[in-house]
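Chemist: Right, I'll just put the structure down here and ask away after.
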Amino acid sequence: MLKGIHHAAIICSDYDKSRRFYVSVLGLEIVAENYRAERQSYKLDLKLPDGSQIELFSFPSRPARPSYPEARGLRHLAFAVSSIAKAVDRLQAHGVAVEPVRVDEYTGKKYTFFNDPDDLPLELYEQ
């Protein structure tokens, strides 16, 4: 029935800051960008190399979503990378704090976490 993940939707507090982060720092491709005046909201469609997408929304005065410690709901969004070292270097070159790299005890693969401008937890997972 399911073929894959089409997109993940993210609501940000500062559209320009988050747009720069996802496009310039993470390198996602812009598919479409629209301002919806009736909602006072931007919607930015971003594409990853595998075709999956992130929808970045801005809505005025949205409450923060609790992320830590282990709040109920979506825990984090993970991105596949071919080299964790290169991805970490790129993030750090843009001033993004990255947790120490860990090794998955079941798969032996390397992974680490970092946050977007709204403190949404994001993961890099080496394939």
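Chemist: Any residue in the stretch 82-97 that's hydroxyl-bearing (S, T, Y): show its pairings with residues that are loosely packed, with under 11 Cβ neighbours inside 10 Å and outside any helix (DSSP H, G or I) at Cβ separation under 7 Å, as long as the two are six or more apart or on different chains.
Modeler: Between residues of the stretch 82-97 that are hydroxyl-bearing (S, T, Y) and residues that are loosely packed, with under 11 Cβ neighbours inside 10 Å and outside any helix (DSSP H, G or I), the close pairs are S82/Q127.
Chemist: State which residue pairs qualify: first residue within 15 Å of V88 (Cα to Cα) and among the charged types (D, E, K, R) and inside the stretch 102-117, second residue modelled with pLDDT of 95 or more and surrounded by fewer than 17 Cβ atoms within 10 Å (Cβ to Cβ) in any location, beta carbons under 6 Å apart, and separation of 6 or more residues or different chains.
Modeler: K110/V101; K110/V103
Chemist: If you don't mind, there's one more thing I want to ask. Across the stretch 1-44, what is the total count of residues that are free of Cβ contacts under 8 Å to residues at least 60 places away in the same chain, basic (K, R) and under 23 Å from P63 (Cβ atoms)?
Modeler: 4
Chemist: I would also like to ask the following. Check L46 against each of (1) surrounded by 16 or more Cβ atoms within 10 Å (Cβ to Cβ); (2) in contact with a Ser or Thr (Cβ under 6 Å, 6 or more places away or on another chain); (3) at pLDDT 95 or above and name the one condition it does not meet.
Modeler: Of the numbered conditions (1) surrounded by 16 or more Cβ atoms within 10 Å (Cβ to Cβ); (2) in contact with a Ser or Thr (Cβ under 6 Å, 6 or more places away or on another chain); (3) at pLDDT 95 or above, the odd one out for L46 is (2).
Chemist: If S52 satisfies every condition in (1) at pLDDT 90 or above; (2) out of contact with any strand residue (DSSP E or B) (no Cβ under 7 Å at 6 or more places or on another chain) but one, which is the exception?
Modeler: Condition not satisfied by S52: (2).
Chemist: Please count how many residues of the stretch 1-38 are in a loop (DSSP other than H, G, I, E, B) and surrounded by 15 or more Cβ atoms within 10 Å (Cβ to Cβ).
Modeler: The number of residues fulfilling the criteria is 3.
Chemist: Would you check if V88 is in a helix (DSSP H, G or I) and at pLDDT 95 or above? Give the steps one after another, and end with the answer.
Modeler: Values: in a helix (DSSP H, G or I): yes; at pLDDT 95 or above: yes.
So V88 passes the test.
Chemist: Is it the case, given these coordinates, that S52 is surrounded by fewer than 16 Cβ atoms within 10 Å (Cβ to Cβ) and either within 18 Å of I5 (Cα to Cα) or in contact with a Phe, Trp or Tyr (Cβ under 6 Å, 6 or more places away or on another chain) (or both)?
Modeler: Taking the combined requirement at face value, the residue satisfies it.
Chemist: Would you say I11 is within 14 Å of D118 (Cβ to Cβ), modelled with pLDDT of 90 or more and in contact with a Lys or Arg (Cβ under 7 Å, 6 or more places away or on another chain)?
Modeler: Answer is yes for this residue.
Chemist: Also: With the condition kept exactly as written, say whether any residue in the stretch 39-59 is in the same structural domain as A8 (by TED's automatic domain parsing) and assigned to a helix (DSSP H, G or I).
Modeler: yes
Chemist: Filter the stretch 91-110 for residues that are under 15 Å from the mean Cα position of the chain (by Cα) and assigned to a strand (DSSP E or B) and give the result.
Modeler: V98
Chemist: Here is a further query. So if I check each of A97, A64, A87, which one is among the hydrophobic types (A, V, I, L, M, F, W, C) and either surrounded by 15 or more Cβ atoms within 10 Å (Cβ to Cβ) or under 23 Å from I5 (Cβ atoms) (or both)? Write out each step before concluding.
Modeler: Working: A97 fails: either surrounded by 15 or more Cβ atoms within 10 Å (Cβ to Cβ) or under 23 Å from I5 (Cβ atoms) (or both); A64 fails: either surrounded by 15 or more Cβ atoms within 10 Å (Cβ to Cβ) or under 23 Å from I5 (Cβ atoms) (or both).
That would be A87, the only listed residue that is among the hydrophobic types (A, V, I, L, M, F, W, C) and either surrounded by 15 or more Cβ atoms within 10 Å (Cβ to Cβ) or under 23 Å from I5 (Cβ atoms) (or both).
The values are calculated or read from the model by the stated rules, or taken from the named source; none is laboratory data. Treat the numbers as computed from the prediction; the structure is a model and nothing was measured. Neighbour counts are summed over all protein chains in view; Cβ atoms, including those assigned to glycine, are modelled from backbone coordinates with ideal geometry.
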